[in-house]
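The values are calculated or read from the model by the stated rules, or taken from the named source; none is laboratory data. Note that the coordinates shown come from a computational prediction; the quantities given were computed from them, not determined experimentally. Here the Cβ is made from the backbone with ideal geometry for all residues, glycine too, and neighbour counts use every protein chain on show. Just so you know, the surface numbers come from the protein's heavy atoms only, side chains and all, with ligands and any DNA or RNA stripped out. Shrake-Rupley method; radii C 1.70, N 1.55, O 1.52, S 1.80 Å.
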Amino acid sequence: MNPNEHHPLTGRFLTFEGIDGAGKSTHIDYVTELLRERDLTVVVTREPGGTPLGEKLRELLLHTPMHAETEALLMFAARREHIEQVIEPALRRGDWVLSDRFTDASFAYQGGGRMLDITRLEALERWVHPHLQPDMTLLFDVSPETAAERLKAVRSPDKFEREKAVFFNRVRQAYLDRAKAFPDRFRIIDSSRPIAEIRDTIHSLIDTLK
Ligand code: TYD
């Protein structure tokens, strides 16, 4: 079922989630190609970010130490702009929107990782997007140990990526809890499998969305 059915949003909204190093960026590129081969219009975006203001907030969020509540509020502030300027206009045009993270990341990182009260995050979610939800959320699930190995190979870490395994265990668990709470839109993908296998899984999942 399309959760945005009662809206004049004719596009499709897909989000990609998982702990840092779970491999979601690689798979977003794959889905983008897959959809463009079918002559669909695809808007690829990310959170925090996706707008000029959002990208400025991203810079702060990823590199400046701050109170956990400040972090949550800025994540949702960036999201407010993102929805208004990018996501809803694209969905109204009938485009496919692929977002590298969305609100589930706030529940996972600020809720699970930073242990903020979930009811506060739920209040922000209701405030910022009372009706909008992704049509499908692909959750790339992998152990923090495997993810850390992958990250080490590619780049120097930002503020979140410097967190320890216990933090990422909480983030991972919060994502899984969220998936359990919203089974209709979540699809959990075992991200420790070979890339080719994961692609096949994603391919079939995308086909169910047409
Ligand atoms: P990430 O998506 O991993 O981008 P990149 O692959 O370019 O590093 O980085 C975004 C970081 O922001 C990630 O560590 C998770 C964090 N984040 C939150 O803590 N809360 C949120 O609501 C969002 C959207 C992201």
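Structure summary
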item: Region 69-114, subset aliphatic (A, V, I, L, M) and within 10 Å of the ligand (Cβ to nearest atom), residue nearest to residue 137 (Cα to Cα); result: 105
item: Residue identified as within 25 Å of residue 145 (Cβ to Cβ) and touching a residue at least 12 places away in the same chain (Cβ under 8 Å) among 16, 76; result: 16
item: First in region 158-170 and closer than 17 Å to residue 104 by Cβ and open to solvent by less than 80 Å² (accessible area, probe 1.4 Å), second anywhere and in a loop (DSSP other than H, G, I, E, B) and near the ligand (Cβ under 10 Å from one of its atoms), Cβ under 7 Å, 6 or more apart; result: 160/20; 168/19
item: Wholly enclosed helices (runs of 4 or more DSSP H) of region 108-210 bearing at least 3 residues β-branched (Val, Ile, Thr) and within 19 Å of the chain's Cα centre (by Cα); result: 195-207
item: Residue that is farthest from residue 208 (Cα to Cα), among those in region 28-43 that are within 19 Å of the chain's Cα centre (by Cα) and not in a helix (DSSP H, G or I); result: 43
item: Scan of region 72-104 for residues that are among the aliphatic types (A, V, I, L, M) and either within 19 Å of residue 11 (Cα to Cα) or open to solvent by less than 10 Å² (accessible area, probe 1.4 Å) (or both), ordered by number; result: 72, 78, 83, 86, 87, 90, 91, 97, 98
item: Qualifying positions in region 52-71 - crowded, with 21+ Cβ neighbours inside 10 Å and over 19 Å from residue 157 (Cα atoms); result: 54
item: Members of region 5-23 that are outside any loop (DSSP other than H, G, I, E, B) and open to solvent by less than 20 Å² (accessible area, probe 1.4 Å); result: 13, 14, 15, 16, 17, 18
item: In region 24-37, the residues that are open to solvent by less than 80 Å² (accessible area, probe 1.4 Å) and basic (Lys, Arg); result: 24
item: Test: residue 206 is farther than 17 Å from residue 47 by Cα, in contact with a helix residue (DSSP H, G or I) (Cβ under 7 Å, 6 or more places away or on another chain), free of Cβ contacts under 8 Å to residues at least 12 places away in the same chain and aliphatic (A, V, I, L, M); result: no
item: Of the criteria (1) touching a strand residue (DSSP E or B) at 6+ places or on another chain (Cβ under 7 Å); (2) part of a loop (DSSP other than H, G, I, E, B); (3) of a type in the set (S, T, N, Q), which one residue 99 fails; result: (2)
